[in-house]
Amino acid sequence: MRVIAVANQKGGVGKTTTAINLGTALAAVGRKVLVIDCDAQGNASTGLGVEPARRRKTSYDVLVGEATLAEAILATTILPTLDLVPGDENLAGVETLLHQDPKKNFKLREAVDLFRQASARGEAKGADGRLLAYDMVLIDCPPSLSTVTINAMTAADAVLVPLQCEFLALEGLSQLLRTIDLVRGGLNPLLEIQGVVLTMFDKRNNLSDQVAGEVRSFFGSKVYQTVIPRNVRLSEAPSYGLPAILYDHKSSGSEAYIKLAQELMQRERERTAA
């Protein structure tokens with residue numbers, strides 16, 4: 001089970017769009033995928049068609065120790081191999097609730113580790129009695145470097161960074177990289193940058209090309225070749241409770257996320273073969 005945190009402290013860069021569409025694309029080709037919604041806005045949950053009434057246990061309950069990861073997992077109605085741990089507004093209170101807890105940064109990791117162990121024994125069961133096992137877990141992080149984001153990075157094997165193709169997006173990148181280094185230094189020494197995904201690329205705008213060039217010169221091969229374009233279908237789809245890949249699979253945004261999933265799987269094959 002590979003755990004990837006989709007993180008960038010800047011808002012509006014495509015974290016949730018990436019988490020739900022990449023997860024859907026992976027599930028569509030048979031991978032067993034779990035999306036963990038760690039954003040208080042719960043947008044990933046909405047985008048995967050899980051209405052608030054179904055969110056009885058959430059990532060908040062997991063972080064504060066009131067539920068195991070398995071107990072919080074819901075089956076989406078989108079694809080049989082795509083599940084969700086929903087998020088809700090209670091996540092906004094995690095920082096305050098855990099601030100004096102010496103293990104505050106390890107809550108999600110402990111939950112993931114327990115799930116891994118149970119899954120390896122064939123004993124991980126959801127609230128609906130299903131046996132649970134996953135190839136890929138994608139954690140949709142909030143737009144801040146908060147306790148919740150640190151928990152996600154501490155629990156993850158790697159970080160996937162969506163980066164908007166605009167100048168201001170570059171300014172916050174150094175802060176994110178410092179945070180990743182801090183997590184490596186004291187909480188999760190094996191954490192790696194899985195890749196950088198360029199999002200909201202506008203081929204009509206020279207600035208998009210300039211930003212993409214700067215990012216590629218800095219990160220090199222860590223930057224995915226697949227670029228996610230600006231596309232209205234990506235914005236429309238969540239209002240229908242669907243990933244864009246199912247809302248309009250022929251749109252340029254959907255096609256880009258399908259290619260991104262293929263590229264990610266190739267990277268993962270190369271990693272395991274090394």
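Since every read-out is calculated from the coordinates, none of them should be taken as a lab result. The shown structure was predicted, so the numbers you read here are calculated from the model rather than taken from an experiment. Because the Cβ atoms are built from the backbone with ideal geometry, glycine has one as well, and the counts that use them run over all protein chains shown.
Side notes on the structure shown:
- Potential lengthening of the chain between K104 and R184 amounts to 27.2 nm, from the contour at 0.36 nm per residue minus the alpha-carbon distance.
- Relative contact order for the stretch 2-273: 25 percent, from Cα pairs under 8 Å spaced at least 6 residues apart, divided by residue count.
- For the stretch 2-273, with +1 on Lys and Arg beta carbons and -1 on Asp and Glu, the positive-most of L132, A120, A244 along the dipole: A120
- Arranged from fewest to most other beta-carbon atoms within 10 Å of their beta carbon, T149, T226 become T226, T149.
- Each Lys and Arg Cβ is given +1 and each Asp and Glu Cβ -1; about its Cα centre, the stretch 2-273 then shows a dipole of about 500 debye.
- Alpha carbon centroid spacing (whole Å) that separates the stretch 16-79 from the stretch 163-222: 25
- A Gaussian network model of the chain, with springs between Cα atoms under 10 Å, assigns the largest mean-square fluctuation among T77, T24, T147 to T77.
- Taking other C-beta atoms within 10 angstrom as a stand-in for reagent exposure, H99, H249 fall in the order H99, H249, fewest first.
- Helices in the chain, meaning DSSP H runs of at least 4 residues, each add -39500 (n - 2.57). Divided by all residues, the mean residue ellipticity at 222 nm is -12500 deg cm²/dmol.
- Listed residues G65, G186, S144: farthest to the positive end of the dipole of the chain (Cβ charges): G186
- Cα-based Lys pair tally, the chain, threshold under 23 Å, eight or more apart or on separate chains: 23
- Candidates Q225, Q117, Q262, ranked by Gaussian network fluctuation over the chain, Cα under 10 Å, top entry: Q117
- Neighbour-count ranking [beta-carbon atoms within 10 angstrom, fewest first] of D135, D101: D101, D135
- Projecting the Cα positions of P102, L176, T18 onto the charge dipole of the stretch 2-273 (unit charges on Cβ atoms of Lys, Arg, Asp and Glu, taken about the Cα centre) puts T18 furthest along the positive direction.
- Most mobile listed residue (F167, F115, F106) in the chain, GNM with C-alpha springs under 10 Å: F167
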